[in-house]
Amino acid sequence: MSRKIKLIWDFRGPDAHETAKHHVIQLEEFAVKENLVFHGTGVEQTSEWMCAAYISVNEEDMIIYRDALKPHRGLVDR
């Protein structure tokens, strides 16, 4: 069974939460358009001025997502 990788984009500022929510929509649209598997998306708010959007993907698909979407960071999703 393949590991899952969480690809993360960070947003800062007063509109960070709204921007992250919009980015999640774009992530899902990309996956559907490209017929790629993903295991979930979401927004994590760490403070009033910082949010992150993420998508969880199979490790073997990570390169496709990474090269096309340029995430800020990634980690093994548990």
Per residue, what accessible area does region 1-66 have, given a 1.4 Å probe and all protein chains present, in Å²?
61 Å²
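Before anything else, pin down the relative contact order of the chain: Cα pairs under 8 Å, at least 6 apart, normalised by residue count, whole percent.
This gives 48 percent for the chain.
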Counting only protein heavy atoms, what percent of the accessible surface of the chain is carbon or sulfur at a 1.4 Å probe?
52 percent
Helix-only [θ] at 222 nm, the chain, -39500 (n - 2.57) per DSSP H run of 4+, per residue, nearest 500, equals -10500 deg cm²/dmol
³J(HN,Hα), Karplus 6.51/-1.76/1.60, whole Hz, each residue of region 49-65, x for Gly, Pro
10, 9, 9, 10, 9, 9, 9, 9, 10, 5, 4, 5, 9, 4, 4, 4, 4
Dipole in debye (nearest 20) - region 1-70, about Cα centre, beta carbon charges: Lys, Arg +1; Asp, Glu -1:
140 debye
The chain: radius of gyration and largest Cα-Cα distance (Dmax), Å:
12.1, 40
On a full-extension model of 0.36 nm per residue, what is the gain between Ala68 and Arg3, subtracting their alpha-carbon distance, rounded to one decimal in nm?
21.4 nm
To the nearest 10 degrees, how steep is helix 16-33 against the longest Cα principal axis of the chain, on a 0 to 90 scale?
20 degrees
Extreme residue, positive dipole direction of the chain, given options Ser2, Ala20, His39 (C-beta unit charges):
Ser2
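The values are calculated or read from the model by the stated rules, or taken from the named source; none is laboratory data. Predicted model, so just to flag it, every value in this text is computed and none were measured. Every residue, glycine among them, receives a Cβ derived from its backbone with ideal geometry; neighbour counts consider all protein chains shown. Accessible surface areas use protein heavy atoms only, side chains included; no ligands, DNA or RNA. Shrake-Rupley method; radii C 1.70, N 1.55, O 1.52, S 1.80 Å.
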